[in-house]
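J.: The following block contains the structure, expressed as structure tokens.
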Amino acid sequence: MLNRFQFTRLRPKARPQAPAPTRTPSRSQDQAPARVICVASGKGGTGKSIMASNLAITRARMGERVLLVDFDAGLANAHLLLGLAPDYDLGHVMEGRVSARDALVEGPLGMKLLSGGVGRDALVNPTRRELDRLFKALRPMEEMFDLIIIDHGAGLGYSTVAHLAATSTLILVTNHEVTALSDGYALYKRAMMVNRGMRVGLVVNRAPDERLAMAGRDRFCTAAQRFLGCQPEFIGWVPVDPEVGQSVQRRVPVTLGAPNSAAAKAIGKIAEWTPIDHARTTSAFYDKARKSLR
Ligand SMILES: Nc1ncnc2c1ncn2[C@@H]1O[C@H](COP(=O)(O)OP(=O)(O)OP(=O)(O)O)[C@@H](O)[C@H]1O
Ligand SMILES: [Mg+2]
């Protein structure tokens, strides 16, 4: 059912044989607009793109039509992690040179990527008007997919906050170190200011062991509860795993290339977080994001 959609511009590179689906496809029958989840962090390099790209693979394997939007606009690298070479990116879409549909590139297991582009100034600091135009152009994507996963750049940039204001579901990726926890807390605080109703799942990635992962979780959640009166749901931790580094070198996501590795198993569990199944907003996500710009 994935090939129900004939994209005009699909340039997949050779990919390794995909493991068989582990769950019966069902969501493509669902005519409701896509569920949308954001993957963000305060500090850079915590593992958002690894998380987002592998979540996309895992949910595609479950039978969903998945779109990964690389909104680390201007510093995109999800295409590298997936071994893809897109011709077009969000910058072309924002400029109106191609439609969002024509900018899609097909990745493993039929998931699609909308790349963020590399080194484009306009994408790094879009004006309100440009962002509005881009969100409008992305709106049709909600009718084409079951799940849209948005991989953000680090920090509290204007476009990240606009997404946070609209989303119902955020996966916040941190590491166990105090710097990552502190920046993650700042992002969580901002998220709660613009959209207190959202579900937030906390992931401690690249932890040396469970004890340090849990210590990081406790530190984060205790501070959030104390100063904000709420805390994210802890949805899992991912160990430091050399297979992740190797997967980056090979440009094959770890959940595909090393599905039995500790990191792949941990990400597989995170992909089953129930709010991902219910990540719908009351109105269309991109309409809501546009409203947040006004
Ligand atoms: N669980 C892990 N085990 C080992 N290495 C990891 C793990 N997670 C991430 N890494 C390493 O960290 C690097 C950075 O990860 P990634 O690009 O996903 O971070 P990011 O948060 O998206 O960064 P940026 O803020 O620049 O977008 C990866 O290239 C990978 O080598
Ligand atoms: Mg990234």
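For every residue, the table says whether it meets (1) under 13 Å from Ile150 (Cβ atoms); (2) more than 16 Å from ligand 1 (Cβ to nearest atom).
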residue	(1), (2)
Pro33	no, yes
Ile37	yes, no
Ile57	no, no
Asp72	yes, no
Tyr88	no, yes
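J.: Yes or no: Asp89 without any contact (Cβ under 8 Å) to a residue 40 or more places away in the chain, within 18 Å of the chain's Cα centre (by Cα), crowded, with 24+ Cβ neighbours inside 10 Å and under 21 Å from Leu55 (Cα atoms)? Write out each step before concluding.
T.: Details: without any contact (Cβ under 8 Å) to a residue 40 or more places away in the chain: yes; within 18 Å of the chain's Cα centre (by Cα): yes; crowded, with 24+ Cβ neighbours inside 10 Å: yes; under 21 Å from Leu55 (Cα atoms): yes.
In short, yes.
J.: If you go through segment 94-114 one residue at a time, how many are in contact with a Leu (Cβ under 7 Å, 6 or more places away or on another chain) and modelled with pLDDT under 95? Please lay out each step first, then the result.
T.: So the first thing to find is which residues in segment 94-114 are in contact with a Leu (Cβ under 7 Å, 6 or more places away or on another chain), and the list is 94, 100, 103-108, 110-114.
The next check asks that each one be modelled with pLDDT under 95; those that pass are 94.
Count: 1.
J.: Oh, and also: Name, by its number, the condition in (1) free of Cβ contacts under 8 Å to residues at least 24 places away in the same chain; (2) touching a Gly at 6+ places or on another chain (Cβ under 9 Å); (3) within 16 Å of ligand 2 (Cβ to nearest atom) that does not hold for Arg97.
T.: Status for Arg97: all satisfied but (3).
J.: Among the residues of segment 169-176, is any away from ligand 2 (no atom under 16 Å from the Cβ), at pLDDT 95 or above and hydrophobic (A, V, I, L, M, F, W, C)?
T.: Going residue by residue through segment 169-176, those that are away from ligand 2 (no atom under 16 Å from the Cβ) are 169, 176.
Subsequent filtering for residues that are at pLDDT 95 or above retains 169, 176.
Next cut, hydrophobic (A, V, I, L, M, F, W, C) only: none.
Within segment 169-176, none of the residues are away from ligand 2 (no atom under 16 Å from the Cβ), at pLDDT 95 or above and hydrophobic (A, V, I, L, M, F, W, C).
J.: In addition: Check whether at least one residue in segment 264-282 is crowded, with 17+ Cβ neighbours inside 10 Å, without any contact (Cβ under 8 Å) to a residue 40 or more places away in the chain and over 29 Å from His79 (Cβ atoms), and report yes or no.
T.: For segment 264-282, residues crowded, with 17+ Cβ neighbours inside 10 Å, without any contact (Cβ under 8 Å) to a residue 40 or more places away in the chain and over 29 Å from His79 (Cβ atoms): absent.
J.: Return the residues of segment 245-278 that are part of a helix (DSSP H, G or I), more than 18 Å from Leu147 (Cβ to Cβ) and hydrophobic (A, V, I, L, M, F, W, C); say none if nothing qualifies.
T.: Residues satisfying the conditions are Val248, Val254, Ala262, Ala263, Ala264, Ala266.
J.: Still on this structure, I have one more. Can you name the condition, by its number, that Arg206 falls short on among (1) modelled with pLDDT of 95 or more; (2) at negative phi?
T.: Of (1) modelled with pLDDT of 95 or more; (2) at negative phi, only one is false for Arg206: (2).
J.: A further question follows. Return the residue satisfying two criteria in turn: it lies in segment 102-127 and is surrounded by fewer than 18 Cβ atoms within 10 Å (Cβ to Cβ) and over 18 Å from the mean Cα position of the chain (by Cα), and of such residues it is nearest to Asp70 (Cα to Cα). It would help to see each step written out before you state the result.
T.: Initial filter on segment 102-127 (surrounded by fewer than 18 Cβ atoms within 10 Å (Cβ to Cβ)): 102, 118-119, 121-122, 124-125, 127.
Next cut, over 18 Å from the mean Cα position of the chain (by Cα) only: 102, 119, 121-122, 125, 127.
Working: Asp102: 15, Gly119: 14, Asp121: 16, Ala122: 15, Asn125: 15, Thr127: 18 Å.
So the residue we want is Gly119.
J.: Under 6 Å between Cβ atoms, at least 6 apart or on separate chains: pull out the pairs that start in segment 64-85 with a residue that is touching a residue at least 12 places away in the same chain (Cβ under 8 Å) and within 10 Å of Leu113 (Cβ to Cβ) and end on any residue that is assigned to a loop (DSSP other than H, G, I, E, B) and within 11 Å of ligand 2 (Cβ to nearest atom).
T.: Listed by first residue and then by second, the contacts come to Asp70/Ala76; Asp70/Gly116; Ala76/Gly116.
J.: Also, quick follow-up: Taking segment 20-63, which residues are farther than 30 Å from Pro242 by Cα, among the small types (Gly, Ala, Ser) and modelled with pLDDT of 75 or more?
T.: Residue satisfying the conditions is Ala34 alone.
The values are calculated or read from the model by the stated rules, or taken from the named source; none is laboratory data. Predicted model, so just to flag it, every value in this text is computed and none were measured. As a convention, Cβ positions derive from the backbone with ideal geometry for all residues, glycine included, and neighbour counts pool all protein chains shown.
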